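One structure is given here, and the rest of the page talks about it.
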Amino acid sequence: MRDIVAEIRSGDKSSFKELFEDYYPILCVFASKYVKDDELCKDIAQETLLSYWEKRKSFEDIYKVKGYLYMVARNRCLNYLKREQVNQAYLDSASRESESYFEDNVIEQEMFMLVHKAIEVLPPQMRTIIHYAMDGLKNPQIALEMGIAEGTVHSLKKTAYRKLREQLQEHFYLLLFM
């Protein structure tokens, strides 16, 4: 009985061609159980058989060759599916994030502009107090910076916030998105 594996192991290309012709269609059908792209299945089958050719010296019998061919074909299919899943998840995520990022930035910029314009309309002392407050200063620090009483800062800030609310109330819908 002929030992095709030994012939291939010794580098006989015609024996490999014979094995290739026998197993190529089988591996294509096997790959199609995992991957629904005929051209890709053909590529997987061909790459699997070429991988065997490169490692031909490691195999003693046809059973180990068959096991190797099916295992490599299966792994190539699964790797392809994982890559596609990751790529699709990345594309979906990137698409959602870019749309969301764009919308969030537009809304944020619009709000900044509206608030900035509203602050600039305030009387100078109130405007200064609001700027200090936005910078994180507390009433005692603002009073010290401006050289006025803390009570005055408190009442001017309260009045400034009321005026800002009045000016910005028609843009309340934008605040909902912040």
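Annotations for the structure displayed:
- Placing dummy labels 7 Å off each Cα toward the beta-carbon, the span from ASN75 to ASP37 is 2.1 nm.
- Solvent-accessible area per residue, Å², over the range 9-80 with all protein chains present [probe radius 1.4 Å]: 61
- Residues of the range 128-155 with an amide N closer than 14 Å to a point placed 7 Å from the Cα of ARG162 along the Cα-to-Cβ direction: 154-155.
- Residue pairs, from the table LYS55/LYS82; LYS36/LYS64; LYS117/LYS163; LYS117/LYS157; LYS42/LYS64; LYS17/LYS57, whose Cα atoms sit over 19 Å apart: LYS55/LYS82; LYS36/LYS64; LYS42/LYS64
- Only protein atoms count toward the accessible area here, which uses a 1.4 Å probe; on the range 1-56, the carbon and sulfur part of that area reaches 51 percent.
- Full extension of the chain between THR128 and LYS66 gives 14.2 nm of extra length, using 0.36 nm per residue less the Cα-Cα distance.
- Measuring only protein heavy atoms, the 1.4 Å probe finds SER155 accessible over about 60 Å².
The values are calculated or read from the model by the stated rules, or taken from the named source; none is laboratory data. Note that the coordinates shown come from a computational prediction; the quantities given were computed from them, not determined experimentally. A quick note on method: Cβ atoms are made from the backbone with ideal geometry, for glycine too, and the neighbour counts reach across all protein chains shown. All accessible areas refer to the heavy atoms of the entire protein, side chains included, with ligands and DNA or RNA removed. Shrake-Rupley method; radii C 1.70, N 1.55, O 1.52, S 1.80 Å.
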